[in-house]
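The values are calculated or read from the model by the stated rules, or taken from the named source; none is laboratory data. Fair warning: this is a prediction, and the values are worked out from it, not measured in the lab. Here the Cβ positions follow ideal geometry from the backbone for every residue, glycine too, while neighbour counts run over all protein chains shown. Just so you know, the surface numbers come from the protein's heavy atoms only, side chains and all, with ligands and any DNA or RNA stripped out. Shrake-Rupley method; radii C 1.70, N 1.55, O 1.52, S 1.80 Å.
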Amino acid sequence: VREVKHLLGIDRMERADIVRVLDRASEFGRFIGASGKDKERVQSKALAGKRVLNLFFETSTRTRFSFERAARNLSAEVTNFTASGSSVEKGESIKDTVRTLGALDPDVIAVRSAYSGVPERIAEWVGASVVNAGDGKHQHPTQALLDIYTLRQRFDSLEGLNLWIVGDVLHSRVARSLIQAATKMGAKVTLSGPPSLIPRGVEEAFDCQVEDTLERLGEADVVYVLRLQKERITDSLLPSLSGYTAEYQINLERLTPSQLVMHPGPINRGVEIAADVADSPQSLIEEQVRAGIAVRMAVLCEAAGV
Ligand code: CP
């Protein structure tokens, strides 16, 4: 019987689990150069003979390509599914799509969906290990793991680190996973953004604090900027984009030179983050993308039970 080990959310991981995955990712990371080019074409045979299915019902650039690269680096057999161009467009249900692709007998399935809970449902339908590659507003655990990995490259310990997460928290699965991962690692998390984009009761639910303005941003060691999810934001939530940028955009005037800036991507230049910040040496955005390969290699190994 195949061992099944799902990664559905950071809420189901203990600090020791996070450390174990990231230590393993560090081993893989040593083989991935600063340019992002692998030093060896294939570093590992760890998943030779295993099948990885990337099941993406929602758009993605970073997550999809790094899962694919990670699986290939481990010598897995990879199948990529994207809803666009598939029979989903003819009305095939997620369950029937999963049943159809399940016939390929994957060992690990990475699932991206616009709807919260879809990876968990798929885990009930299939015998494979399921990795959540981002579901609705719910969780994006591999993003949080790569974010913590990136921070561990810069700081000896995350204990007491002041992490500010700024922007559209309301719609952000990235924020939910990152708050949980960062606090488990000992960081102090502060959320800031327009009150309409901060979920009610978040302080109690997630062990963090909320600041309505950026007046105290200078206290942050790291500023994590969230994408303003314009496609989900109505006028009643945010009456004016220029009002948002005036009060919450992260630009060089708002930062001290020692503060580091992160963003999960894709970025809206000139909206939540100024172009000069995104391209500055303070920005860890490219490091985050590179970290995604090593972290997803470690996650795939865990999921495949190797
Ligand atoms: N950060 C992230 O999930 O980006 P993609 O949507 O491009 O995968």
Check: In segment 152-166, what residues are charged (D, E, K, R) and surrounded by fewer than 18 Cβ atoms within 10 Å (Cβ to Cβ)?
Finding: R154, D156, E159
Notebook entry, point to check: If you check every pair at least six apart or on different chains, which have Cβ atoms under 8 Å apart with a residue in segment 102-114 that is within 16 Å of the ligand (Cβ to nearest atom) and part of a strand (DSSP E or B) first and a residue that is among the aliphatic types (A, V, I, L, M) and open to solvent by 40 Å² or more (accessible area, probe 1.4 Å) second?
Noted result: S113/I94
Notebook entry, point to check: What is the number of the single condition among (1) of a type in the set (K, R); (2) within 24 Å of T183 (Cα to Cα); (3) within 16 Å of the ligand (Cβ to nearest atom) that R232 does not meet?
Noted result: (2)
Check: From the residues in segment 117-130 that are among the β-branched types (V, I, T) and open to solvent by 10 Å² or more (accessible area, probe 1.4 Å), which one is farthest from the ligand (Cβ to nearest atom)?
Finding: V126
Next item on the list: Kindly indicate the residue of segment 238-254 that is of a type outside the set (S, T, Y) and more than 30 Å from L158 (Cα to Cα) and also most open to solvent (accessible area, probe 1.4 Å) among those meeting that condition.
Entry: P239
Checklist line | Candidate set from segment 48-63 (those that are in a loop (DSSP other than H, G, I, E, B) and of a type outside the set (G, A, S)); member that is farthest from the ligand (Cβ to nearest atom) | finding: K50
Next item on the list: Find the residue count for segment 64-88, including only residues that are away from the ligand (no atom under 11 Å from the Cβ), among the hydrophobic types (A, V, I, L, M, F, W, C) and within 16 Å of the chain's Cα centre (by Cα).
Entry: 1
Next item on the list: Could you list all residues from segment 139-151 that are away from the ligand (no atom under 12 Å from the Cβ) and either in a strand (DSSP E or B) or open to solvent by 10 Å² or more (accessible area, probe 1.4 Å) (or both)?
Entry: Y149
Note to self: Quick check on this structure: which one of A133, A205, A182 is more than 12 Å from the chain's Cα centre (by Cα), among the aliphatic types (A, V, I, L, M), crowded, with 24+ Cβ neighbours inside 10 Å and more than 20 Å from E272 (Cα to Cα)?
What the structure shows: A182
Notebook entry, point to check: For the subset of segment 255-280 comprising residues that are touching a residue at least 60 places away in the same chain (Cβ under 8 Å) and assigned to a loop (DSSP other than H, G, I, E, B), which member is least open to solvent (accessible area, probe 1.4 Å)?
Noted result: E272
Notebook entry, point to check: Out of all the residues in segment 220-237, which are closer than 16 Å to V271 by Cα, out of contact with any Ser or Thr (no Cβ under 8 Å at 6 or more places or on another chain) and open to solvent by less than 10 Å² (accessible area, probe 1.4 Å)?
Noted result: V223, Y224, V225, L228
